[in-house]
Amino acid sequence: MKRNILIIGGGGVARVVAHKCAQNNAVLGDIHIASRTLAKCHAIIDSIHDKGSLQRPGTLQAHALDAMDIEATKFLIRATRSQIVINVGSPFLNMSVLTACIETGTAYLDTAIHEDPEKVCENPPWYGNYEWKRRQACKNARVTAVLGVGFDPGVVNAYARYAMDTYFDSVESIDIIDVNAGSHGRYFATNFDPEINFREFVSTAWSWENNAWKANAMFEHRKDWDMPVAGLSTTYLTGHDEIHSMSKNLGVPNIRFWMGFSEHYINVFTVLKNLGLLSQHSVRTARGQEIVPLEVVKAVLPDPASLAPAYSGKTCIGDLIKGRKDGLPQEVLIYNVCDHKTSFEEVGSQAISYTAGVPAVAAAMLIAEGTWDIGEMVNVEELDPKLFIALMNRMGLVTRVRSAQGDHIVDPQPDVIEASTDGKLLNYG
Ligand code: NDP
């Protein structure tokens, strides 16, 4: 069994990851949290103690770390005897942290694709530019690396795989739909790092159509969906991490990602973009200072983690899948609904962070227990999704399916999983 977790990052997602690791420390062992700003790690640890989240008494320690420094990261992994690293820092860190894991033989998890500060919306398949280049190195070192195991990417990849295995003989299209029907009450804010959020939308929106990549302009394609709980929801075709792996791994001709945006978001985004304030390239001010406009915008916007206390409403994220079963057309929406307020009450973060953090910890538990400790690099849709979905059902993220037969909870293996307090995660009895 692999134990002892090193969490990298001290933001909203790291807070969820740390709480969920604490709630399962009988399985996961010692918990270490490392980020650039040490105070953020201490604040997370204080909130774990305040909420009494530790499943049993155990180690919980904060560390200051620049995770771009591979040697410092290797040193910390060894010093803390960590066997699993959950990287929920900025996506600029992925390749440094992955390298540290490969060189120390440590399992690696992240929740977003690697980003180069100088580039945006990279050509497909984006994973081929970075992470997949280290596939053989992972295999040689027998290092398990599960890429993009948040909600989207992450759970939506597992949903696609589960639905294809369970409800279809053949699949024609997967539309991933991400709607946040919540409200934070601020004039303008992004739900996660503004820099990363804006970078997703400033250039080409890639989609997978008829087995080929298609370049779209952002906000070019709009579609309204009738979503559970959220109701009629307006979304726009957006480029997103998971399309870059699912297009390769699933053999489905059409895969698209749709994200919900309010008119207000689009207006503010458009003004910022047209003024050049979303550029990742530096400019020189009259006083001779070199600044990156996007970094300035980030600095003046609310810290996404600060939105959590006032956030109300729910998110609804899922896959609408169309294909055939037994010769007949079949349509299935597999999805989750998550409540901002409930998430905040449990772990002190809003639902966007909650839906990203819980899957990463479920994945760590499956690696700790051995089921997902496969000794190579994979994207989530390459792994058996059943235990993953079953485990998340018991950790606060419940999966539902809506089809012609109605709307019901999906519980792939109710008799298999028993979360227990004695350190044994899976009860095959
Ligand atoms: P935040 O911006 O709130 O947190 C990022 C953290 O990374 C900060 O604490 C930051 O430290 C730290 N960090 C940045 N650079 C370094 C460095 N060089 N060394 C050490 N730490 C560093 O982001 P979130 O918590 O909202 O998101 C975390 C990750 O999760 C991101 O990759 C995001 O894209 C991803 N995500 C994935 C989702 C999914 O469903 N798959 C959904 C939401 C987010 P400091 O505070 O000092 O700057």
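Things worth noting here:
- Rounded to whole numbers, the Karplus 3J(HN,Hα) couplings from phi for the stretch 251-260 are x, 9, x, 10, 9, 10, 10, 10, 10, x Hz, using 6.51 cos²θ - 1.76 cosθ + 1.60 with θ = phi - 60°, and x at Gly and Pro.
- Value at 222 nm in deg cm²/dmol, rounded to 500, when DSSP H runs of n ≥ 4 in the chain each add -39,500 (n - 2.57): -9500 deg cm²/dmol
- Rounded to 5, the percent of DSSP beta bridges in the chain classed as antiparallel: 60 percent
- Rounded to the nearest 20 debye, the dipole size of the stretch 155-342 about its Cα centre is 420 debye, using +1 on the Cβ of Lys and Arg and -1 on the Cβ of Asp and Glu.
- Selected from N197, W132, A163, residue furthest toward positive end of dipole (the stretch 123-228; charges at beta carbon): W132
- Three-way shape label, the stretch 39-144, alpha-carbon gyration tensor, a/c 1.5: prolate
- Low-density loop positions, trypsin sites (Lys or Arg not before Pro), the stretch 109-179 - DSSP coil, at most 16 other Cβ in 10 Å: K119, R142
- Convex hull (Cα only) mean projected area of the chain, reported in nm² to one decimal: 20.5 nm²
- Ratio of the Cα radius of gyration of the stretch 12-67 to 2.2 N^0.38 Å, where N counts its residues: 1.03
- Restricting the trypsin sites (Lys or Arg not before Pro) of the stretch 283-355 to loop positions (DSSP other than H, G, I, E, B) with no more than 14 neighbouring Cβ atoms within 10 Å leaves R287.
- Estimated inter-spin distance, E331 and Q405, nm [label 7 Å along Cα→Cβ]: 1.8 nm
- Mean Cα-pair separation over length for the chain, i.e. relative contact order, pairs under 8 Å, 6 or more apart, %: 20 percent
- Three-way shape call for the stretch 98-163 based on the alpha-carbon gyration tensor, with the a/c threshold at 1.5: oblate
- Loop-located GluC sites (Glu not before Pro) in the stretch 194-272, at most 15 other Cβ atoms within 10 Å (DSSP): E220
- Range in the chain, longest, excluding exposed chymotrypsin sites (Phe, Trp or Tyr not before Pro) [loop by DSSP; at most 15 other beta-carbon atoms within 10 Å]: 220-427
- Nonlocal Lys pairs with alpha-carbon distance under 22 Å, the stretch 171-319 (8 or more apart, or different chains): 4
- According to the Cα-based calculation, Rg over Rh for the stretch 155-342 is 1.02, with Rh computed by the Kirkwood formula.
- Relative compactness, the stretch 239-318, computed as alpha-carbon Rg over 2.2 N^0.38 Å: 1.54
Coordinate-derived values only; no laboratory data. Because the structure is predicted, anything quoted here is derived from the model rather than measured. All Cβ positions, even for glycine, are placed from backbone atoms using ideal geometry, and neighbour counts span all protein chains on display.
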